[in-house]
Amino acid sequence: MEMRLSLWFASVVVLTQLVCGALCWGKEGHYTVCKIAEGYFEDVTIAAVRKLLPESAEGDLASFCSWPDEIKHLSQWKWTSVLHYVNTPEYRCNYEYCRDCHDANKHKDLCVTGAIFNYTNQLMSASENSQRISHFNLTEALMFISHYIGDVHQSMCLANVYVDFDFSALAYWFSWRFRCNNIIVKWYHHKTTLHHVWDNMIIESALETYYNSSLPRMIQALQAKLKNGWSNDIPLWESCQFNQKACPNQYASESIDLACKYAYRNATPGTTLGDDYFLSRLPIVEKRLAQGGIRLAATLNRIFSVKPKLARS
Ligand SMILES: [Zn+2]
């Protein structure tokens, strides 16, 4: 009995450590996603973005891509803080919209994928009914969707913070104690969380190691990879099933898969993460930034290329 119990404890700990979901980018990550997207905007999107952004942006979407992070702590925007991630069950490496997209009080659609669908619909309704005044704030909708498409590509914005009620209270305690935001690791010599490693540290280390701490140089390197090594992949990255305008569920599924395969592997609490982890995970981070940019551009191009209904009739 004792043996079975300890095995059970061990399996709970392993599960709760391995199956945490995905994180969300810091400022550099969001800027990179939006800057890459700008290079793939069609003319109609360039015009729409310029029209919707505040004048101070001078048409540069990237300069406003971290805005949802900057306002989420203000009282009137607190409700948006749940829109930066998705909670997935700790013992499964998958994501399902109906099961996972809700807030702590089970209010449906309040998660990053729900937010992307919502702001896509707001922008679409304005495109389709251009003769009427939209009752949505389309500037906010543009800044939110641009940020959240970045977030859903961060392999740890799908954090799991609950367990199914089939599990006992003890299992819940284990899961709470070891949930992903609480995995304390060392990034080289600095104590931090695994979440922060994927948010910022991998990108910061790459900037220091390869790009003389210059973000524009890192972005140029990713743009060059998109023109060469990844160019054949771009049509697949851009595609969206069933003629939909936005495909966040697909991106969320990829993220939780990558989190399970790479983010949590060899990163148990107390581990020191160094060159091995950095060098093997950096290509994943780079590709997710590039995919986020390509898919943000593809989504906005699909939304803004819709012809107004009145003009079609
Ligand atoms: Zn965010």
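The values are calculated or read from the model by the stated rules, or taken from the named source; none is laboratory data. Everything quoted here is computed from the prediction, not taken from an experiment. Quick reminder, even Gly has a Cβ in these numbers, built from the backbone with ideal geometry, and neighbours come from all protein chains shown.
Brief remarks on what is shown
- Test for A267: is it touching a residue at least 40 places away in the same chain (Cβ under 8 Å) and of a type outside the set (S, T, N, Q): yes
- Residues satisfying the stated conditions in region 73-100, i.e. out of contact with any Leu (no Cβ under 7 Å at 6 or more places or on another chain) and part of a loop (DSSP other than H, G, I, E, B): H73, L74, N87, P89, R92, C93, N94, E96
- Residues of region 223-251 that are in a helix (DSSP H, G or I), within 22 Å of V112 (Cβ to Cβ) and either among the hydroxyl-bearing types (S, T, Y) or touching a helix residue (DSSP H, G or I) at 6+ places or on another chain (Cβ under 7 Å) (or both): W237, E238, P248, N249, Y251.
- Every pair of residues 6+ apart whose Cβ atoms lie under 6 Å, when the first sits in region 140-157 and is touching a residue at least 60 places away in the same chain (Cβ under 8 Å) while the second is within 8 Å of the ligand (Cβ to nearest atom) and of a type in the set (D, E, K, R): C157/D151
- Taken over region 118-158, residues that are of a type outside the set (K, R), modelled with pLDDT under 75 and outside any helix (DSSP H, G or I) amount to 7.
- Considering residues of region 159-213 that are modelled with pLDDT of 85 or more, of a type outside the set (G, A, S) and part of a loop (DSSP other than H, G, I, E, B) only, the residue surrounded by the fewest Cβ atoms within 10 Å (Cβ to Cβ): H189
- In region 70-93, the residues that are farther than 23 Å from S253 by Cα and not small (G, A, S): E70, I71, K72, H73, L74, Q76, W77, K78, W79
- Filter pass, D100 being buried (at least 16 other Cβ atoms within 10 Å of the Cβ), under 26 Å from I219 (Cα atoms) and charged (D, E, K, R): no
- The set of residues in region 38-72 being free of Cβ contacts under 8 Å to residues at least 60 places away in the same chain, part of a helix (DSSP H, G or I), of a type in the set (D, E) and within 22 Å of G26 (Cβ to Cβ) consists of E70 alone.
- Checking every residue in region 260-274 against the condition of being buried (at least 24 other Cβ atoms within 10 Å of the Cβ) and among the polar types (S, T, N, Q) gives zero matches.
- Candidates in region 71-112 are the residues that are of a type in the set (S, T, N, Q) and at pLDDT below 95; of these, the one that is nearest to the ligand (Cβ to nearest atom) is S81.
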